Every structure is written in C-alpha cells, then in structure tokens.
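Notes follow the structure.
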Amino acid sequence: MKRLSLFILLSIIILILLYNLLISSNGYKERENLMNENHELSERNSNLLDSNEELRFEIINAQDSEEHIENYARENLNLTKPGEKFIQFDVKDLEIENEK
C-alpha cells in the first residue's frame, strides 16, 4: 500500500512538472516566442544602427560642405533655383539603357 501511494504521489509530481514544462505559460512555447521576438528586435536594432550611421555621415558632410547641402536639397527635396529645371533619372531607366 505504501508503494502504491508513493508511486501515485511521484506520478502526480511528474505530471505537474511536465505540464509546467510543456504546456504552461512558462514552458517551451513561451521561450520560443521570446526568442523570436528577441531576433526581430535584434534585426530592428541593427537596421536602426545602420540608419544612424548614415545620418551621422550626412550630418558631418553637411557641416563641412555647402555643396553637399545644395545637392541634398536638389536630390531629396526637389528644390531648384528660379528658372532652373530639375531632371531625375530612375535607376530602372538606367539599367534598361545599359542592357541595350
């Protein structure tokens, strides 16, 4: 009788532990979700670091050169001087011409 009750007690403990490990919110599913979220946030952080480097480069160039500011205004903001026409080529158009 003692063996049977001990066996039942140990079986219940093992089932509770397996439930906590496999099914509960602290189990493998939650760990996998956290790992996926961590991976996504790491990629996002990497992209932000790259963007920061580009902005840092733009700021340093803008501080050092007025020509850079003028080129930036013309290319990215489509600003032109009075009487001036701004022509911009798409990369696709250039690739098509290079193929010919």
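Since every read-out is calculated from the coordinates, none of them should be taken as a lab result. Everything numeric here is computed off the predicted structure, so don't read it as measured data. Please note: Cβ atoms are built from the backbone with ideal geometry, for glycine as well, and neighbour counts cover all protein chains shown.
Can you give the FRET efficiency for Ile12 and Glu40, using 1/(1 + (r/R0)^6), R0 = 35 Å, r = Cβ-Cβ distance, to the nearest 0.05?
E(calc), rounded to 0.05, equals 0.35.
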* To do: Calculate, in nm to one decimal, what Gln63 and Ser51 gain on full extension: separation in residues at 0.36 nm each, minus their alpha carbon distance.
  => 2.5 nm
